[in-house]
Amino acid sequence: MLKQFLNLKLSQKLSPQQIQLMKLIQLPTQAFEQRLLEEMNENPALESGKEEEDNYENDEFENEDYDDYDDAESERIEADEINIDEYLSDDDTPDYKTQANNYSDDDEDRESPIVASVSFHQDLINQLNTFILDDNEREIAEFLVGSIDDMGYIRRSIADIVDDMAFTQGIYTDDAMVERMLYVIHELEPSGVGARDLQECLLLQLKHKTPTEYVDLAIDIIENQFDAFTKKHYDKLIQKYNVSNEQLKKAVHEIERLNPKPGGAFTGNNKITENVVPDFAIRIIDGELELTLNGRNAPSLHVSKDYQDMLRTYKDSRDKSTDQKDAVQFIKQKLDSAKWFIDAIRQRQETLFVTMNAIMHYQEEFFLDGDETKMKPMILKDIADLVGLDISTISRVANSKYVETPYGTKLIKEFFSEAMKNDQGEDVSTLEIKKILQNIIEDEDKKKPLPDDQLADLLKEKGYPIARRTIAKYREQLDIPVARMRKKI
């Protein structure tokens, strides 16, 4: 038995152009420049820079009749549908792009340079080349280097490494040989690389130091009293080694100077280290905030003059062949693509600017004096409502863009926070509370650091009734350890 149903469904589908625009908005400055180069390589109708000539008549390709090209086997290409003005006009340049201090070829380039460097693992391989090893030893040593994680550790057992080499590389060896090659790895820089745990990492670094009374004591502590040290049971250590408080303090200082993550300088294992390039800049001019968009986000683009010439040739041609038809169809596609990309870049510029401008005015008090306790509660919806954009669009801007301020370069999403009530019933930003918590911990007596319940009491006295578990959550978000781990001798 057949049944009919009437079902209404409301759905929204994004066009490919809208999806591409969202992707463009999400890109930070350097990635956007790379995307721009890719588009220009793919579309020969798109060129950068100012046009050398702009003396064509605007209506040259309008109101032309191409009926003489119409036949039964092909569809007519209407070149008059292509309005060249749309691709060449500079009249609709956004206002902010004309600001005097915006980027141009003559501007001073204040961005940090890109520093090229070899990868972490390649640097270790290069160091291995300075050791005299036979082929078998080198293969094992290079395999061990490949087993080192980005923090500089080998977190696998020797037996697992031996088995892995046999099954995956066809290298047959034993535990003793791998141990011997591990000693070679431990001679590489940075000191401590190739350690199997934190204790071994610290020991390797201490043993590379020039021997002194305090270095020797530090080695003994890490080698034999590591658990007591990590738990900061200093009284037990003083009693165990029969040393003064000052002597232990100097030995602990030697340990604290070590690097627990020797591979950390190469985080990400990238071959290139890129410094942050701000997407915006906020300056204070005569007591007023001024926002500028990094000019590298506002390139000058136009349609290739060669493509104009090709259209002119087609217009002037009396005998329009099939090849010419195909060529004009190709030109039209490239012109449409170029026009869309130029419009998308303009929309991207406007979206970035209006979003950051709304954030700047919303957090005006902070941007004027840099006091983080004046940061207002602000969520994505607040800005979305102000600028009339979707929350997802605001998120794309906030999560990937940086702004240069008089107080340092900051990730935009750092200005967003939830609201909490103070004892006056007023909404305050969780960022404000975290800053006050951080200040209290910085000023505490490190010999008697404050536990979370006492921190909660102090914040309550300042007008912020925060539960102890919330204090613990904020402390973890600030990467601040518990009281016992903040203790100093």
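The table below lists the values:
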{"quantity": "Test: residue in segment 184-195 that is surrounded by 14 or more Cβ atoms within 10 Å (Cβ to Cβ), assigned to a helix (DSSP H, G or I) and modelled with pLDDT of 90 or more", "calculated": "yes"}
{"quantity": "Segment 361-390 - residue that is modelled with pLDDT under 90 and in a helix (DSSP H, G or I) and, of those, least open to solvent (accessible area, probe 1.4 Å)", "calculated": "T373"}
{"quantity": "K434 out of contact with any strand residue (DSSP E or B) (no Cβ under 9 Å at 6 or more places or on another chain), free of Cβ contacts under 8 Å to residues at least 60 places away in the same chain and either part of a helix (DSSP H, G or I) or farther than 20 Å from M360 by Cβ (or both)", "calculated": "no"}
{"quantity": "Residues that are open to solvent by 70 Å² or more (accessible area, probe 1.4 Å), farther than 21 Å from Y183 by Cβ and not in a helix (DSSP H, G or I), drawn from segment 196-229", "calculated": "none"}
{"quantity": "Scan of segment 411-423 for residues that are of a type outside the set (S, T, N, Q), in a strand (DSSP E or B) and surrounded by 16 or more Cβ atoms within 10 Å (Cβ to Cβ), ordered by number", "calculated": "M420"}
{"quantity": "Some residue of segment 234-251 being touching a Pro at 6+ places or on another chain (Cβ under 9 Å), open to solvent by less than 70 Å² (accessible area, probe 1.4 Å) and within 20 Å of K488 (Cβ to Cβ)", "calculated": "no"}
{"quantity": "Only one of V403, V328, V397 that is within 22 Å of the chain's Cα centre (by Cα) and either outside any strand (DSSP E or B) or small (G, A, S) (or both)", "calculated": "V397"}
{"quantity": "Members of segment 424-439 that are under 16 Å from R475 (Cα atoms) and open to solvent by 50 Å² or more (accessible area, probe 1.4 Å)", "calculated": "K435, Q438, N439"}
{"quantity": "Given (1) outside any loop (DSSP other than H, G, I, E, B); (2) open to solvent by 50 Å² or more (accessible area, probe 1.4 Å), number of the condition E137 does not satisfy", "calculated": "(2)"}
{"quantity": "Any hit, segment 339-359, residues being without any contact (Cβ under 8 Å) to a residue 60 or more places away in the chain and open to solvent by 70 Å² or more (accessible area, probe 1.4 Å)", "calculated": "no"}
{"quantity": "Pairs where the first residue, in segment 168-191, is farther than 14 Å from G152 by Cβ and the second is surrounded by 13 or more Cβ atoms within 10 Å (Cβ to Cβ) and acidic (D, E), C-beta under 9 Å, 6+ apart", "calculated": "Q169/E139; I171/E139; T173/E139; M177/E137; R180/E137; M181/E137; V184/E137"}
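For every residue, the table says whether it meets (1) modelled with pLDDT of 90 or more; (2) open to solvent by less than 40 Å² (accessible area, probe 1.4 Å).
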site: V115; (1), (2): no, no
site: S119; (1), (2): no, yes
site: N126; (1), (2): no, no
site: L133; (1), (2): no, yes
site: D150; (1), (2): no, no
site: R156; (1), (2): no, no
site: V178; (1), (2): yes, yes
site: M181; (1), (2): yes, yes
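The values are calculated or read from the model by the stated rules, or taken from the named source; none is laboratory data. On a predicted model such as this, the values are computed, not experimentally measured, just so you know. Here Cβ is always computed from backbone atoms with ideal geometry, including for glycine, and neighbour counts include all displayed protein chains. Please note that ligands, DNA and RNA were not included when accessible areas were found on the heavy atoms of the full protein model with its side chains. Shrake-Rupley method; radii C 1.70, N 1.55, O 1.52, S 1.80 Å.
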